[in-house]
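Here is the structure we will look at, set down as structure tokens.
We did not get these values from a lab; they are worked out from the coordinates using the rules stated. Everything numeric in this text was worked out from a predicted model, so none of it was measured. Reconstructed Cβ throughout: ideal geometry from the backbone, glycine too, with neighbour counts over all protein chains shown.
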Amino acid sequence: MNTQFFAAWIEEIAAAVRAQRDHLTQLDAAIGDADHGANLDRGFTAAREALAGASPQTPGALLVLVGSTLIRKVGGASGPLYGTAFREMGKAFGEAAEISPAELSTGLNAALSGVQRLGAAAEGDKTMVDALAPAAQALAQAVRDGLKPEEALEAAAAAAEQGARATVPLQARKGRASYLGPRSVGHEDPGAASTALLFGALKAAASR
Amino acid sequence: MNTQFFAAWIEEIAAAVRAQRDHLTQLDAAIGDADHGANLDRGFTAAREALAGASPQTPGALLVLVGSTLIRKVGGASGPLYGTAFREMGKAFGEAAEISPAELSTGLNAALSGVQRLGAAAEGDKTMVDALAPAAQALAQAVRDGLKPEEALEAAAAAAEQGARATVPLQARKGRASYLGPRSVGHEDPGAASTALLFGALKAAASR
Amino acid sequence: MKKLINSVDSVVTDALRGIAAAHPSLRVDLENKVVFRAGAPRPGKVGLVSGGGSGHEPLHGGFVGHGMLDAACPGEVFTSPVPDQLIEATKGVDGGAGVLHIVKNYTGDVLNFQMAAELSGDEGVEVATVLVNDDVAVQDSLFTAGRRGTGATLFVEKIAGALAETGAPLAEVARVAREVNERSRSFGVALTPCTVPAAGKPTFELGDTEIELGIGIHGEPGRTRAPMREAREIVRTAMDAIDADLPLSGETLVMVNGMGGTPLIELYIVFAEVEAYLREKGATAVRSLVGNYVTSLDMQGFSVTTCSLTGELTRLWDAPVETPALRWGR
Amino acid sequence: MKKLINSVDSVVTDALRGIAAAHPSLRVDLENKVVFRAGAPRPGKVGLVSGGGSGHEPLHGGFVGHGMLDAACPGEVFTSPVPDQLIEATKGVDGGAGVLHIVKNYTGDVLNFQMAAELSGDEGVEVATVLVNDDVAVQDSLFTAGRRGTGATLFVEKIAGALAETGAPLAEVARVAREVNERSRSFGVALTPCTVPAAGKPTFELGDTEIELGIGIHGEPGRTRAPMREAREIVRTAMDAIDADLPLSGETLVMVNGMGGTPLIELYIVFAEVEAYLREKGATAVRSLVGNYVTSLDMQGFSVTTCSLTGELTRLWDAPVETPALRWGR
Ligand SMILES: Nc1ncnc2c1ncn2[C@@H]1O[C@H](COP(=O)(O)OP(=O)(O)O)[C@@H](O)[C@H]1O
Ligand SMILES: Nc1ncnc2c1ncn2[C@@H]1O[C@H](COP(=O)(O)OP(=O)(O)O)[C@@H](O)[C@H]1O
Ligand SMILES: [Mg+2]
Ligand SMILES: [Mg+2]
Ligand SMILES: [Mg+2]
Ligand SMILES: [Mg+2]
């Protein structure tokens, strides 16, 4: 997976977020403050523009730029969290020009631990971690099982999707939704849903 | 018609206004500020209480007290206008203990001219004058024709009723409804409607 | 209807209790329903009295204090006060220099103030009256009730109040009050109707893409209904109406006023467009107010009021004022 | 959705243009979206920076000026500002004595301020942070996001701002800010939801006889839904929640705050009940604010915030302040 691949990923994310913008916002309206779709749309549109302007030469540089752009443009909880995730992944990639599934797995783990360091959310707190952690685990397992790259990304996307859906019955303990207490039960977490989108886009980039 | 008759009139008005309170307010909501029913209900409730407290001995004293109470309690346009109407009628009755239909007619004319002196509305301006003036004229005619008191009051009530209905197609030139310009057309004037109620109550008092 | 009230009948009294508790600089006569400036009357100072229906808060009670009103008389919601209240207020603020009645031009307000002025006059108080009629949405003619008084009321109260504070005589204070009125114009726009507590439901119905142009401050529908459009275009309509009536030029005092239910962020957006419009016309917004000042219960919408300033008017506008809703220089 | 805006995307920038045009005492950096007090930085004075999502106006931009904030950073509607803005503001107000960040406790605000503080620190600015978390409707625990910051933010900004104005060092200003927060509690009630421009429809649905208890300031539903009842009863529920958390007693600073769509007349009715409740508990509302200060777009409802005063806090509260939304003593 080269720089072009990760650029395609960001394109796919931007398109998916645009398409799902209202859906994400509605999820956030139910248990948050109705801005998650707008936040990510603003962020990934800016990320796309930043990439077009700077043309980074390595996957690492590209993801660090995406992460910094998200931090600079999104605001809210998701801006620093997603921004840190992309930056940590990019930093884990170092100067490499081509990223293997194993390196991607390492990068995802770095992203996850960045998010958890910053947000202090554990699995089951009904946040993006509930999609990100299973996806990272599924990818690691796929690498251990020696699956093909497309199959590995497919597994990660499925795990993220399932993790997002599994947030529905949970009571939120972090983020805005936690203010609702028991009333947060019965709704999908918007950040977990957008994380699933990110992994769906990764799969789509691979099958381009 | 003695003091007791006029007390009964006020009772009938208070009851009718209470019953039609929301209707009058809705008429006022359409072309005014949605308070005419509340205004008159407050006013005639206070008038009834004032009469109970003071027990005036003549029709004139009774009507002057009612008028003063309306001025003191109603506010808005209708407070001073109705208040003046009752006061002028009362003053026209002087010290008389018993009021003939002819004297009532004189009193009504005084009421009408009091209202017009204060509010400067002509017939056709879509105000209470459009019910009050025809009622006064009908009563005068009935007296000239020598009708029985009940018949005379019946005629006045019918004229007021018809005058109120005839305000529907008019464009308002006085009061709040005038701000609507042509959009005031198609609605009954609330003050004309309440004047019709007053004459309906007069008829009802006579047939008690 | 959902409202933070105890009962429809006690709205005004309950609010007056709150005003009394919140503002030690006021003395509230709950029985007569008069909001007095503490320490009234001030010997030798012209007293300023205004009043009108409730539901326009902070108008008028919020403008009682140093440099503005000496007393305010709130009527029932959207119903002008009664003469008794006004007489009580007038006598209570007369420090021997006479009293100015500031009256918004509505039949009810005019008649009740007129009765109060006559009766106060009978009791030896010299009363002058200024009628505020700034609303360009309404045709002015001898055969109508004339223009409504809306936003300019605040300008009149502030500027006349400042002059009265200097010890100027009644005739002078009345003169400047009339001058402010003559130099002021307003236009109002509603996005939603409002709900009068006693009526229990909205005063009119408005579709999801419709607005009312040329509204007053009593929940009445406006002169015309129009399709919703962007703030810039709505402002243009309002400002065109003002400019057509009294061409905008020179140093201008501007108020962008919320009708009660409009978020402040939207009022600032409106003000940005108003300011740009004025610049386009070669006028300058040298003084401004943005906020809820002359409201219409929970209505969403705004009004814009302009006043073409003179050196004297600017000086009086800048003079110290200390009231619950307007405060500077002290 | 009907809103006085030009487009959903330009809401914040258009409003900032309005704020810039309306308030010559502010300097608005439109590019970085920072509202500065004119003349910032002040050498030797601790700089106060706050910020948060837009839609809460006048918070925070309306509190920039003498005796309160030195800069405010508005994010998108209900979205915390980004670190760049905060860094720009922090550097722009540092007069060498360091900068206090006043942060409402929301994950997004906390994270973005934290990043800005670190990066500003790297550039040599000393930054202290105070977290505001006054909302008793939310359970506080190590395992949750903790309590929200709502109305007490205004108290913290005013009182810390007054102390900073005296030239006190950063540690002292931060100390008093934390003390205000610790002595303050809030509870909010919604009669209607609000509509975020980008979402285009209300954030939740509420029946004609229902209210939400324990709401925050971001249009989120509250902790529970309850039947509508009279103001006195609603106030009792809110005050009981506050009193259960921090028993009310002694001299108290009270704010009855409108959520943006509530008429002022209703807020005064609420205040009358709050004041009566305090008296019942042996506490006294010695200082108060009634109005729209920390809003939630067009939401109808109110919040009540109390702060148990000390001599020092009262003195600092009374100190002069001159901002668009809060002004006295100057
Ligand atoms: N402490 C946290 N750790 C991880 N994710 C979090 C945390 N707090 C919030 N989130 C995620 O952020 C999402 C909300 O993002 P967004 O709506 O953009 O920000 P905000 O809540 O500031 O409005 C939540 O749905 C949740 O997944
Ligand atoms: N100048 C006037 N002359 C006669 N009647 C008037 C005049 N102005 C208003 N009215 C009457 O008063 C009625 C409105 O009364 P009300 O609603 O109680 O007062 P307000 O208009 O002050 O709210 C109108 O329907 C009209 O009949
Ligand atoms: Mg959100
Ligand atoms: Mg009316
Ligand atoms: Mg009225
Ligand atoms: Mg947000």
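Listed values, structure above:
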read-out: Derived scalar couplings ³J(HN,Hα) [the stretch B:38-43; Karplus, 6.51 cos²θ - 1.76 cosθ + 1.60; whole Hz; x for Gly, Pro]; value: 4, 4, 6, 4, 4, x
read-out: Volume in Å³ per residue [convex hull over Cα atoms, computed for the stretch B:72-182]; value: 102
read-out: All-pairs Cα distance distribution in the stretch C:165-224, expressed in whole percent, bin size 10 Å; value: 19, 30, 19, 21, 10, 1
read-out: Dipole magnitude (debye, nearest 20) for the protein assembly as shown, charges at Cβ of Lys, Arg, Asp, Glu; value: 680
read-out: Intensity falloff of the stretch B:104-143 expressed as log10 I(q)/I(0), Debye formula with alpha-carbon point scatterers, at q = 0.23, 0.25, 0.35 Å⁻¹; value: -0.67, -0.77, -1.17
read-out: Centre separation in Å (Cα based) which lies between the stretch A:169-193 and the stretch A:99-117; value: 25
read-out: Whole-angstrom gap from the stretch D:172-212 to the stretch C:295-330, using each part's C-alpha centre; value: 29
read-out: 0 to 90° range, to nearest 10: angle between helix B:129-144 axis and chain B longest Cα axis; value: 40
read-out: For chain C, the longest site-free run once GluC sites (Glu not before Pro) in DSSP loop states with at most 11 other Cβ atoms within 10 Å are removed; value: C:206-330
read-out: Inter-copy label distances at residue D:9 (7 Å, Cα→Cβ; nm, one decimal); value: 5.7
read-out: Between the stretch B:50-90 and the stretch C:79-123, the alpha-carbon center distance in angstrom; value: 20
read-out: Phi to ³J(HN,Hα) by Karplus 6.51 cos²θ - 1.76 cosθ + 1.60 over the stretch A:54-70, Hz, x for Gly, Pro; value: 9, 6, x, 9, 10, x, x, 4, 4, 5, 5, 5, 4, x, 5, 5, 4
read-out: Loop-resident sites, the stretch D:142-250, for chymotrypsin sites (Phe, Trp or Tyr not before Pro), counting at most 11 other Cβ within 10 Å (DSSP); value: none
read-out: As computed over the stretch C:98-257, the Cα convex hull volume per residue (Å³); value: 143
read-out: Cα gyration tensor shape for the stretch C:274-330, rounded if a/c is under 1.5, else prolate or oblate; value: oblate
read-out: Pairwise Cα inverse-distance average, inverted: Kirkwood Rh of chain C (Å); value: 19.7
read-out: Binned Cα-Cα distances of the stretch C:2-49, short to long, each 10 Å bin given as a whole percent; value: 24, 43, 24, 8, 1
read-out: Orientation-averaged projected area, Cα convex hull of the stretch C:25-71 (nm²); value: 3.3
read-out: Directionally averaged shadow of the stretch C:184-316, computed from the convex hull of its alpha-carbon atoms, nm²; value: 8.0
read-out: Radius, Kirkwood style, for the protein assembly as shown when every pair of distinct Cα atoms is counted (Å); value: 31.1
read-out: Aspartates and glutamates with Cα under 15 Å of residue B:126, excluding same-chain neighbours fewer than 8 positions away; value: B:28, B:161, B:188, B:189
read-out: All-pairs alpha carbon distance profile, the stretch B:3-206, 5 Å steps from 0, percent; value: 1, 9, 16, 22, 22, 16, 8, 4, 1, 0
read-out: Highest-MSF residue in chain C out of C:308, C:288, C:54 [GNM, Cα springs under 10 Å]; value: C:288
read-out: Percent antiparallel among DSSP beta bridges (both partners in the stretch C:16-183, rounded to 5); value: 25
read-out: At 7 Å out from Cα toward Cβ: residue A:19 inter-copy label distances (nm, ascending); value: 6.7
read-out: For residue C:283, distant residues with modelled amide H under 5 Å away; value: C:250
read-out: Fluctuation leader among A:43, A:175, A:60 - chain A, Gaussian network, Cα springs under 10 angstrom; value: A:175
read-out: Built amide H within the under 5 Å cut-off of residue C:146, gap 5+; value: C:141
read-out: In degrees, nearest ten, helix A:190-206 long axis to first principal axis of chain A (Cα); value: 20
read-out: Per-residue HN-Hα couplings for the stretch B:74-91 [Karplus 6.51, -1.76, 1.60; θ = phi - 60°; Hz; x = Gly/Pro]; value: 8, x, x, 6, 5, x, x, 6, 5, x, 5, 4, 5, 5, 5, 4, x, 5
read-out: Overall form of the stretch D:197-246 per C-alpha gyration tensor (a/c, 1.5; a/b vs b/c); value: oblate
read-out: Gaussian network model of chain B, springs between alpha carbon atoms under 10 Å - residue of B:32, B:146, B:90 with greatest fluctuation; value: B:146
read-out: Three-way shape label, the stretch A:27-120, alpha-carbon gyration tensor, a/c 1.5; value: oblate
read-out: Helix-derived mean residue ellipticity, 222 nm - over chain A, DSSP H n ≥ 4, -39500 (n - 2.57), to 500; value: -24000 deg cm²/dmol
read-out: Teacher prompt: residue C:169 distances to equivalent labels in other copies, 7 Å Cα→Cβ, nm; value: 6.4
read-out: In the stretch D:12-183, lysine pairs with alpha-carbon atoms under 21 angstrom apart (chain gap of 8 or more, or interchain); value: 6
read-out: Amide hydrogen neighbours beyond the local backbone of residue D:132, cut-off 5 Å, H modeled; value: D:103, D:104, D:105
read-out: Whole-angstrom Cα spans of the stretch D:1-120 along principal axes, big to small; value: 46, 33, 22
read-out: Rg/Rh for the stretch C:56-102, where both radii come from Cα atoms and Rh is the Kirkwood radius; value: 0.96
read-out: Percent of beta bridges antiparallel (DSSP, chain D, rounded to nearest 5); value: 55
read-out: Check: the stretch D:78-154 dipole with +1 on Lys, Arg Cβ and -1 on Asp, Glu Cβ, in debye; value: 300
read-out: For the stretch B:122-208, average projected area of the Cα convex hull in nm²; value: 5.2
